[in-house]
Amino acid sequence: MLSETEFAAAVRDALRDYAQPDLMAGNPLLRSRLVIDRAGVNADSGQRIATLQAIIKTAVETWQSSPRDARLYRAVLHTYLKPAPTQEQAAERLDLPFSTYRRHLKAGITRLTEALWQQEIGVSG
């Protein structure tokens with residue numbers, strides 16, 4: 001099992017590589033309980049990568065319906081899931097000052113990491 005710090009770093013790496021699944025092949029989350037429980041013990045690397053992507057996408061999409069969390073959703077969406085070429089362009093797409101965009105993005109990454117960590121350690125909620 002990964003430590004919470006290692007898990008957080010792996011989530012950031014998975015987000016960074018989300019749009020290029022072949023880069024996710026070495027991500028430690030592929031061996032995590034979070035992925036194995038959903039993909040199955042015998043799942044191959046491609047299946048585990050697809051499962052990890054689905055876990056991330058599902059978690060982030062839950063924020064869409066909340067007016068308070070929609071800003072986090074949009075920042076993560078335009079940075080990682082359907083990325084703009086640069087973060088500056090993502091901020092422009094969102095019509096946000098760059099510093100506000102970065103604050104929303106950081107909060108989104110934190111929220112995602114916390115939610116996935118809770119799933120990893122088996123805490124519902």
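For Ala39, the requirement of being among the aliphatic types (A, V, I, L, M) and under 21 Å from Glu120 (Cα atoms) is met.
Selection of the stretch 65-85 for residues being open to solvent by 50 Å² or more (accessible area, probe 1.4 Å) and farther than 20 Å from Val11 by Cα yields Ser65, Pro67, Arg68, Pro85. For Ile121, the requirement of being at pLDDT below 95, within 27 Å of Met1 (Cβ to Cβ) and either among the hydrophobic types (A, V, I, L, M, F, W, C) or open to solvent by less than 50 Å² (accessible area, probe 1.4 Å) (or both) is met.
Counting only residues that are among the hydroxyl-bearing types (Ser, Thr, Tyr) and open to solvent by 20 Å² or more (accessible area, probe 1.4 Å), which one in the stretch 98-112 is nearest to Asp69 (Cα to Cα)?
Looking only at the stretch 98-112, we keep the residues that are among the hydroxyl-bearing types (Ser, Thr, Tyr), and these are 99-101, 110.
Going one step further and asking which of them are open to solvent by 20 Å² or more (accessible area, probe 1.4 Å), we end up with 99-100, 110.
Numbers: Ser99: 17, Thr100: 14, Thr110: 12 Å.
Across the stretch 98-112, the extreme among qualifying residues is Thr110.
The values are calculated or read from the model by the stated rules, or taken from the named source; none is laboratory data. Because the structure is a prediction, the values reported are computed rather than measured. Methodologically, a virtual Cβ is constructed for each residue, glycine included, from the backbone with ideal geometry; neighbour enumeration extends over all protein chains shown. Calculation scope for accessible area: heavy atoms of the full protein, side chains included, ligands and nucleic acids excluded. Shrake-Rupley method; radii C 1.70, N 1.55, O 1.52, S 1.80 Å.
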